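First the structure, in the form of structure tokens, and then the observations on it.
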Amino acid sequence: MSASNEASRNHYGAHQRLTEQDTGRKNTWTLPKLLLELGLPWSLKSTASRAELLGILVKSSLHFGIHVFWTFYIGPHLLRPYKGTIYTTLDERCIEWIRDIELIIARGRHREYLRRCAEIVGGTGQPYSTMIDEVTVAHRRIARQVHLLWDPYAVPAFLKLSDPELRRALNGHLPDDSQLWPQDEIVNMQPQLFRELNTTYLSNANFTEGFKLFLSACVVSVFTPFVSHYLTASMLADIGWANMERSHRYDKCLDALEFMMPLAKWQIEHDTQGGKKNTWRMLRLAVLSFNDLHRVYGSAFKTLFSAVMERVSSNAHNMSMSCSMMDRAYAYVQIDTSAGFFDSFLKVSSRAVHDFKKLMRKPEPTTLHAPGISSIYEYRILVAREIIVPNFLTTPPLFDERRPMSLHAAVVGAVICRQITILARFVFYYGVDFLHDPMTPVYHDLRSLVNDLGRYEAMANANGFLPDQTRCETRNLMVDGWAARLASSIPRVSEAEAAGAETEQAPERQTYCGIPVDQLFFLASCFTHCGATGRSLKVQAGSDLVNFEHCRKLHDIEEKEQLKVVPRLTASHVNPKKLEKMNVRLATQLFSRSVAVGLKFYREQQKPGFEGTEGTESFTRRMNDLFDALNAKCPAEGTRKNSPQLKVQKVCLRA
């Protein structure tokens, strides 16, 4: 191993050791200083202009490298790779923060939480009531905009810098040889969301002061795991995740470390596990499966997509970045192990963005994987033509060459095919300027493909799969459908058939755990989506909201009552631990008629926190009916053509 490679290991390892240290007073003192330097006088309300707010957002990104809410990243230009540019988008970490605050608000704990945040910075003895009210109102409005308009694969747009306030904010943190002019442009990755935020919270005097306080709360909350054990533990308790403080803080520190050094973690994992061929092979098979569609749609399909697909590579997080290139990118990292993680994080982040700003006019290959922007999938797909595959999918113990190709196609191939489909969507619908031209000749040449896409969307709308779907949800459904089609075809690619002939023709490989290999793909593909919503506890059902917090609120109020409406509801139902999460009995008891009756009872009694529980009540009744319809002790009780159970199942599928 080279000395430079050893240096990269040391950089990452030293930061990783810092994540295991206790956060001390130094980190707590650093946070107020950071807020003051950003121009966020938390928790005092102050006037704010559009120019000032843009300056705060740009400074956080291009001076400190920490990215507050709306971010500005440096990376190679989409069309001119010899030149750098700026990408602006919503910081995806804020989406998680918005969700956490929504959970705290649903539990009625937000005032206490925001007061503790303010006391960490401004001290005790003050009411902070005005600040709490302003942040709560701003959070609800901004959360509504983000939920409606944020799209991880939105169509980007070039943003002209004819806006003098934005241009001045950017130029104030760029080198002299990289100054931007009115005719220059940056890439807006979320144009619709930025347009809404710009017309309201950046420009409307009625919202700017609240938005400034919102940004302060965002900074404090995002960096809470780095600066305060007390605040982190109390926040998790407010959400309902008590006793998870240590693991939560460790995970957040590792996320921040990977954010700063996006290739170092991969290099350590790669040196430990080794092996590149599995990812390469599955990517090649996925591309071959995609190219085989020219047999259906003709030579025009091959002409349009073949050149693009030949340039698609596996991501650098898996294999492509060499040690020498990585060390050139991170040679500037110097770590003071006597300081806390937060101090070290700020120092390295500001130094990193300082070095990458120098590459605006003449980017190097390592600029492609600049901190922050390289974690955005859409950027990697469009700019680097890189497909991102997690290491654990292509290495033991999950990956085993002796398993059928159907299993690998479902688990790994589906991940690759989805990203290939997203890239193909941009190639097909949009030009180099991200504009859609319905008169382009390619639509005439590929009329059969256009018709298939139209029929697919019409079928989804007619069958009511997503009765109140947004365009984003409709598109995601179509992308997943095409990805499943491509991935399911991988075992039939000639190269895949040749590679799997020896193992799959053996008698013991005709089934896998008793499942025929021709059925295995769909079962494994569905299994990989289980739990994909993470900590999301809300579902939109028609015009009503289904919120699991309503069940937790029901349990909380039942604990205080002597005469209980739902006597069988326990903590194991609303906060299951370990193996309890796999207990079907707890699930059937939670989604039961008695729980629905309890929600309705306390809502009609006008108990606090039970407003708007109609959607959760309706969903619970529907799940109770579905459990009853699917429950049978003997074949005679099974579902038949005209049985009432079948009607219940159809109603649930269409709901």
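Panel order for Y430, Y201, by other beta carbons found within 10 Å of each beta carbon, from fewest to most: Y430, Y201.
FRET efficiency for the pair W280 and L563, taken as 1/(1 + (r/R0)^6) with r the Cβ-Cβ distance and R0 = 45 Å, rounds to 0.10. Applying the Karplus relation 6.51 cos²θ - 1.76 cosθ + 1.60 with θ = phi - 60° to segment 242-253 yields 3J(HN,Hα) values of 5, 6, 10, 5, 5, 5, 5, 5, 5, 4, 5, 5 Hz, where x marks Gly and Pro.
Between the beta carbons of N198 and R585, assuming R0 = 51 Å, the FRET efficiency works out to 0.50 to the nearest 0.05. Think of each Lys and Arg Cβ as +1 and each Asp and Glu Cβ as -1; about the Cα centre, that makes the dipole of segment 541-654 roughly 500 debye.
Within the set K553/K581; K59/K160; K45/K252, which residue pairs have Cα atoms separated by over 26 Å? Over 26 Å Cα-Cα: K45/K252. On a per residue basis, the convex hull of the C-alpha atoms belonging to segment 377-492 measures out at 144 Å³. Considering all different alpha carbon pairs of segment 68-184, the Kirkwood hydrodynamic radius works out to 17.4 Å. Here's the picture: charge each Lys and Arg Cβ at +1 and each Asp and Glu Cβ at -1 in segment 541-654, and of N547, T588, P635 the one pushed furthest to the positive end of that dipole is P635. Using Cβ point charges alone (K and R +1, D and E -1), the dipole size of segment 46-259 about the Cα centre works out to roughly 220 debye. The base-10 log of I(q)/I(0) for segment 541-654, evaluated at q = 0.11 Å⁻¹, reads -0.41 [Debye formula, identical scatterers on Cα atoms, solvent excluded].
Taking 7 Å steps out from each Cα toward its Cβ at E473 and N171 produces label points 4.5 nm apart. On the beta carbon distance between D556 and K647, with R0 = 41 Å, the FRET formula returns roughly 0.70. Between E604 and T47, the modelled labels are 5.5 nm apart [label points 7 Å from Cα along Cα→Cβ].
The numbers here are math on the coordinates, done by the rules we state, and not lab data. Quick caveat: nothing in here was measured; it's all calculated off a predicted structure. Glycine gets a Cβ as well: all are built from the backbone with ideal geometry, and neighbour counts include every protein chain shown.
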